[in-house]
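Have a look at the structure below, then the notes.
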Amino acid sequence: QGTIFLDEIGELPLDLQSKLLHVLQEGDFERIGSSKTIKVDVRVIAATNRNLEVQIRKKHFRKDLYYRLNVYPITIAPLHDRISDIPLLVEHFVKQFNRKLNSNIKKIPLKTIKQLQKYSWPGNIRELENIIERAIITSSGTSLSVEPLLKPDFEEENRMLPLAEYERRYIIKVLEKTFWRVDGPEGAARILDMHPETLRSRMRKLEIKRPGA
């Protein structure tokens, strides 16, 4: 008994969706390699940043599972529609990464908050989290600064670089757009038109790692 939270339910492969549907309908499952049926009685909370109705039309998500999960939907507006939440979120992430990175960011200037509130946040709260983590990593003092991370430097973007560096930067941009998802129909490998293992090999060679990994 208890509650289970399923994050990014829209990313679940179709074959696993059918198994999850069985668990929700029948209230039982079997462990891999076992024939013993285990009964469960749990409350399920699922979250996604995708429009599941669109995913159903694309045949990427099961309609029956959608209606099974969609008992009491709660819609949370994207971050760019609730910029008043940004100060509290920034404070939370600063505390979180101060502990994780053993940093000492004490001040969050009003200028920084205003810059964050003007940004469009296509990657939503996860992008904000990544920005704050990178800002703390690159900070040399006790005051949080995000400007270099939100506005590309013109000279840096246009100076001549080795081909491998251009490739590295482009792969990182694609990975950030896909929330660092490599596999799947909307993963970075599909966008880059390469096999997922090929992309992982390039990431290792170019020393590309997900922030915080």
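What to note about this one:
- Number of residues in the range 119-150 that are within 24 Å of F179 (Cβ to Cβ), modelled with pLDDT of 85 or more and more than 21 Å from the chain's Cα centre (by Cα): the value is 1.
- The lone criterion from (1) surrounded by 15 or more Cβ atoms within 10 Å (Cβ to Cβ); (2) touching a Leu at 6+ places or on another chain (Cβ under 9 Å); (3) not assigned by TED's automatic domain parsing to the domain that holds L6 left unmet by F61 is number (3).
- Taking the listed residues I38, I74, the one that is outside any helix (DSSP H, G or I), under 30 Å from Q1 (Cα atoms), in contact with a strand residue (DSSP E or B) (Cβ under 8 Å, 6 or more places away or on another chain) and not assigned by TED's automatic domain parsing to the domain that holds T142 is I38, with no other qualifying.
- Residues (free of Cβ contacts under 8 Å to residues at least 60 places away in the same chain, of a type outside the set (D, E) and assigned to a helix (DSSP H, G or I)) located in the range 46-70: L52, V54, Q55, I56, R57, K63, L65, Y66, Y67, R68
- Yes/no for R68 being of a type in the set (D, E, K, R), loosely packed, with under 13 Cβ neighbours inside 10 Å and modelled with pLDDT of 90 or more: no
- Lone unmet requirement of (1) β-branched (V, I, T); (2) within 22 Å of G123 (Cα to Cα); (3) part of a loop (DSSP other than H, G, I, E, B) for I32: (2)
- Considering the conditions (1) basic (K, R); (2) assigned by TED's automatic domain parsing to the domain that holds R134; (3) not in a helix (DSSP H, G or I), R43 is excluded by exactly one of them, (2).
- Selection over the range 168-213 of residues that are over 27 Å from F97 (Cβ atoms) and either among the small types (G, A, S) or assigned to a helix (DSSP H, G or I) (or both) gives a count of 12.
- Restricting the range 1-43 to residues that are surrounded by 12 or more Cβ atoms within 10 Å (Cβ to Cβ) and among the small types (G, A, S), the residue that is farthest from E53 (Cα to Cα): G27
- Residues that are loosely packed, with under 14 Cβ neighbours inside 10 Å, assigned to a helix (DSSP H, G or I) and either in contact with a Pro (Cβ under 7 Å, 6 or more places away or on another chain) or among the polar types (S, T, N, Q) (or both), drawn from the range 77-114: S84
- Test for S103: is it hydroxyl-bearing (S, T, Y) and at pLDDT 85 or above: yes
The values are calculated or read from the model by the stated rules, or taken from the named source; none is laboratory data. Everything numeric here is computed off the predicted structure, so don't read it as measured data. Reconstructed Cβ throughout: ideal geometry from the backbone, glycine too, with neighbour counts over all protein chains shown.
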